[in-house]
């Protein structure tokens with residue numbers, strides 16, 4: 001999976017608890033993305049980063065925050081998890097998102113269940 | 001706003017037969033289109049992309065895609081399907097200057113022996 005790891009791979013938590021998912025890359029790519037995958041919706045962008053400390057919102061950002069303090073790590077935080085955030089979360093990286101030819105490479109995913 | 005549509009939730013094909021997975025798009029400006037495949041419990045794998053140039057794009061694992069501007073389509077094809085091609089396929093279009101992708105809802109391909 002192109003030098004991308006996600007942790008944890010599986011997590012079960014309770015409503016109202018904070019959760020942090022980690023994406024780590026060894027490719028030194030500038031752009032990193034967090035998506036969620038839900039049946040019938042495909043993948044939807046939550047947040048993305050175009051450099052250290054540079055982040056922006058995606059289509060479904062409500063209830064999520066992100067941080068990127070170094071190139072290789074991109075953290076996704078659910079401040080107070082809700083059942084609607086039960087999903088599979090994927091991290092992706094891209095060498096240069098602004099260049100039209102660059103595809104994204106995906107991590108293995110984190111399956112999160114909020115009870 | 002950019003969007004893609006995958007009109008078929010599932011496609012069933014016999015092994016050895018040609019396969020087509022359909023994708024249509026709606027964009028303002030030039031389209032930058034991608035196909036990804038997802039095997040069970042795995043992340044998405046890049047198959048191919050259309051940026052500019054030839055309308056027939058060749059990709060990984062023997063797949064190709066045909067870009068048709070007049071029909072706003074970017075269908076994924078393979079001349080002879082394998083059982084191992086069974087997976088979930090996603091079409092995507094680039095959105096904006098930061099390289100964000102908008103994905104279709106996915107098409108499940110089932111190849112039977």
Query raised in the report: Alpha carbon centre of the range A:35-66 versus the range B:86-113: separation in Å?
Result: 17 Å
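Please figure out what share of the DSSP beta bridges in chain B is antiparallel and state it in percent, rounded to the nearest 5.
Around 85 percent of the beta bridges assigned by DSSP in chain B are antiparallel ones.
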Query raised in the report: Which distance in nm do the two modelled labels at residue B:72 and residue B:10 give, with both placed 7 Å along the Cα-to-Cβ direction?
Result: 2.9 nm
Query raised in the report: Most fluctuating residue of A:94, A:84, A:49 in a GNM of chain A with Cα springs under 10 Å: which is it?
Result: A:84
Query raised in the report: In whole angstrom, and with the biggest value first, how far do the Cα coordinates of the protein assembly as shown range along each principal axis?
Result: 49, 37, 31
Query - Label point 7 Å beyond Cα of residue A:67 along Cβ direction - residues of the range A:1-22 with amide nitrogen under 19 Å - result: A:6-8, A:17-22
**Report entry** Mean separation of Cα contacts under 8 Å (6+ apart) over length of the range B:14-113, as relative contact order %
**Finding:** 33 percent
Report summary line: Most fluctuating of B:59, B:99, B:29 in the GNM of chain B (C-alpha, under 10 Å) is B:29
Query raised in the report: In chain B, if every C-alpha pair distance is counted and binned at 10 Å from zero, what percent goes to each bin?
Result: 15, 50, 29, 6, 0
Query - Taking the C-alpha atoms of the range B:49-99, convex hull volume expressed per residue in Å³ - result: 110 Å³
Query raised in the report: When the label point is put 7 Å from the Cα of residue A:95 along its Cα-to-beta-carbon vector, which residues of the range A:26-45 have a backbone N closer than 12 Å?
Result: A:28-30
Query - Expected-Rg normalisation [2.2 N^0.38 Å, Cα atoms] applied to chain A - result: 0.99
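Any read-out appearing in this document is the output of simple, stated calculations on the displayed coordinates, not a laboratory observation. Just so you know, these numbers come straight off a predicted model, no measurement behind them. A quick note on method: Cβ atoms are made from the backbone with ideal geometry, for glycine too, and the neighbour counts reach across all protein chains shown.
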